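Novice: Before anything else, here's the structure in question.
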Amino acid sequence: QPGWDDEPQPWMPAGKHWHDAVCTDVVDGITGITLAAKADVPVRWRDLLGQDAFDNAELRWTEGTRGITDVDVHATDRARVGEQHTICGVRFNLV
């Protein structure tokens with residue numbers, strides 16, 4: 001989310017002190033997301049959003065019905081680039 005490293009502000013889903021728990025030893029942000037959807041869905045989203053990249057993160061589409069399939073995260077620990085971890089069916093790729 002933009003401004004996460006600015007002066008800490010409350011963020012409803014995480015509470016008032018979420019900033020105290022930020023740890024960037026391994027990753028420091030999302031660089032891309034892949035969504036599986038029916039063929040007409042990406043067109044509708046592009047029309048609504050007007051773009052395929054947000055806050056330095058690329059939005060990619062693939063045919064399917066699963067929703068989010070992959071999340072690419074920027075590895076601050078460059079030795080870990082290439083690692084993949086699957087959580088609840090979503091693959092997290094350290095890039």
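Novice: For the range 74-95: of the residues being among the polar types (S, T, N, Q) and open to solvent by less than 60 Å² (accessible area, probe 1.4 Å), which is farthest from the chain's Cα centre (by Cα)?
Specialist: Thr76
Novice: Another question, if that's okay. Quick one: which residue in Asp20, Asp40, Asp25 is modelled with pLDDT of 85 or more, within 19 Å of Val95 (Cα to Cα) and among the acidic types (Asp, Glu)?
Specialist: Asp25
Novice: Take Asp55 and decide whether it is modelled with pLDDT of 95 or more, of a type in the set (D, E, K, R) and either surrounded by fewer than 10 Cβ atoms within 10 Å (Cβ to Cβ) or out of contact with any Leu (no Cβ under 8 Å at 6 or more places or on another chain) (or both).
Specialist: No; evaluated as a whole, the condition is false for this residue.
Novice: Give the residue that is farthest from Val71 (Cα to Cα), with candidates limited to residues of the range 21-31 that are in contact (Cβ under 8 Å) with a residue 60 or more places away in the chain and assigned to a strand (DSSP E or B).
Specialist: Checking each candidate, the answer is Val27.
Novice: Looking at the range 8-45 only, could you name the residues that are touching a strand residue (DSSP E or B) at 6+ places or on another chain (Cβ under 7 Å), open to solvent by less than 60 Å² (accessible area, probe 1.4 Å) and small (Gly, Ala, Ser)?
Specialist: Of everything in the range 8-45, those that are touching a strand residue (DSSP E or B) at 6+ places or on another chain (Cβ under 7 Å), open to solvent by less than 60 Å² (accessible area, probe 1.4 Å) and small (Gly, Ala, Ser) turn out to be Gly29, Gly32, Ala36, Ala37.
Novice: Moving on to the next point. What are the residues in the range 58-73 that are over 15 Å from Arg91 (Cα atoms) and open to solvent by 90 Å² or more (accessible area, probe 1.4 Å), if any?
Specialist: Glu58, Glu63, Thr65
Novice: Against the condition more than 18 Å from Gly67 (Cα to Cα) and open to solvent by 50 Å² or more (accessible area, probe 1.4 Å), how does Gly50 come out, does it pass?
Specialist: yes
Novice: Here is a check on your reading of the model: is Ile68 within 15 Å of the chain's Cα centre (by Cα) and touching a residue at least 24 places away in the same chain (Cβ under 8 Å)?
Specialist: So Ile68 fits the description; yes.
Residues checked against (1) part of a strand (DSSP E or B); (2) in contact with a Gly (Cβ under 7 Å, 6 or more places away or on another chain); (3) β-branched (Val, Ile, Thr):
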site: Pro8; (1), (2), (3): no, no, no
site: His19; (1), (2), (3): no, no, no
site: Ile33; (1), (2), (3): yes, no, yes
site: His74; (1), (2), (3): yes, yes, no
site: Thr86; (1), (2), (3): yes, no, yes
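The values are calculated or read from the model by the stated rules, or taken from the named source; none is laboratory data. All figures in this text were calculated on a predicted structure; none of them were measured in a lab. Using ideal geometry, Cβ is built from the backbone for each residue, glycine included, and neighbour counts are taken over all protein chains shown. We work out accessible area using only protein heavy atoms, side chains counted, and drop any ligands, DNA or RNA first. Shrake-Rupley method; radii C 1.70, N 1.55, O 1.52, S 1.80 Å.
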